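Colleague: A single structure is presented below for examination.
The values are calculated or read from the model by the stated rules, or taken from the named source; none is laboratory data. Predicted, not measured: the structure shown is a model, and the values here were computed from it. We place every Cβ from the backbone using ideal geometry, glycine too, and count neighbours over all the protein chains shown. We work out accessible area using only protein heavy atoms, side chains counted, and drop any ligands, DNA or RNA first. Shrake-Rupley method; radii C 1.70, N 1.55, O 1.52, S 1.80 Å.
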Amino acid sequence: MGALIVVLPPVAASAAVDYDFAVCSAAPAVVRHGRAQLSALPAVAGQHETVVVVPARQVSWHRVTLPRGTPRQGPRLRQVLEGLLEEHVLDDPAELHLALVSGADLGIADTDWVCVCERTWLAGHLQALEAAGHPAQRIVAEAAPSAAPQLSIDGEEDRPQALYSDAAGLIRSEEHTSELQSRQYLVCRLLLEK
């Protein structure tokens, strides 16, 4: 099965916004890539999925310990996560999209993580993609905590960003959405900027 991979831009969705994209064959191999507005995103022949990539600068990751008996999905989980994150995010948790990720999925045993991004921003892009004929089948974060330490350089040519991840979390060298960043990493960023 092929895939259309679309990287969400950090700005709000609109008809004038450009999206980075890649079309992958079933092999898998990249057969086309570029940047285009929603109306010009390529149609992918045959059976395929649309994978949406949320840039690292748009998310924050938080390690959580769920209370015993907490369901892994549904409204009760949302309430528990909002309570656990209330002191760790600067925005109102009700305005954020929260995705619970098992540490085992990240190669980090015995822990759970919550990937957080602005709900309105994400919903706007998902609705725009669906209206353009590219409904998302999967949403993935560009970077996540990892069992083995990883360092990568990302971003635009004129605004590079270093990303460091390990089992303790993810640290970015430049924040564009500090209101979503945990207080701990915000302090680290301010110390790095001194």
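Colleague: Quick one: Karplus J couplings for region 31-39, per residue in order, coefficients 6.51, -1.76, 1.60, θ = phi - 60°, nearest Hz, x for Gly and Pro?
Modeller: 9, 7, 8, x, 9, 7, 6, 3, 5
Colleague: Can you tell me the order of 30-36, 70-76 when each peptide is scored by its average per-residue count of other Cβ atoms within 10 angstrom, highest first? Intermediate results must be reported in sequence, preceding the final value.
Modeller: Numbers: 30-36: 12.4, 70-76: 10.3.
Ranking, from highest mean packing down: 30-36, 70-76.
Colleague: Could you point to the label whose value was computed as Rg/Rh (Cα atoms, Kirkwood Rh) for the structure here, given (i) 0.99; (ii) 1.04; (iii) 0.97?
Modeller: The listed entry that was calculated here is (iii).
Colleague: Here's something else I'd like to know. Suppose only helical runs count, i.e. DSSP H with n ≥ 4. What mean residue ellipticity at 222 nm does that imply for the chain under -39500 (n - 2.57) per run, divided by all residues and rounded to the nearest 500 deg cm²/dmol?
Modeller: Per the formula, -5500 deg cm²/dmol.
Colleague: Using a 1.4 angstrom probe, figure out how much accessible area region 62-111 has per residue, in square angstrom, rounded to the nearest whole.
Modeller: 63
Colleague: Going by the alpha-carbon gyration tensor, a ≥ b ≥ c the square roots of its eigenvalues, is region 30-125 rounded (a/c under 1.5) or, if a/c is not under 1.5, prolate (a/b greater than b/c) versus oblate?
Modeller: prolate
Colleague: Another question, if that's okay. Report the local net charge at GLN150: Lys and Arg +1, Asp and Glu -1, summed over other residues whose C-beta lies under 14 Å from its C-beta. Intermediate values should be presented prior to the final figure.
Modeller: On the way: positive: ARG172; negative: GLU142, ASP154, ASP166.
So the environment of GLN150 carries a net charge of -2.
Colleague: Determine the share of the chain's accessible area contributed by carbon and sulfur atoms, expressed in whole percent, with a 1.4 angstrom probe.
Modeller: Within the chain, the accessible surface is 52 percent carbon and sulfur.
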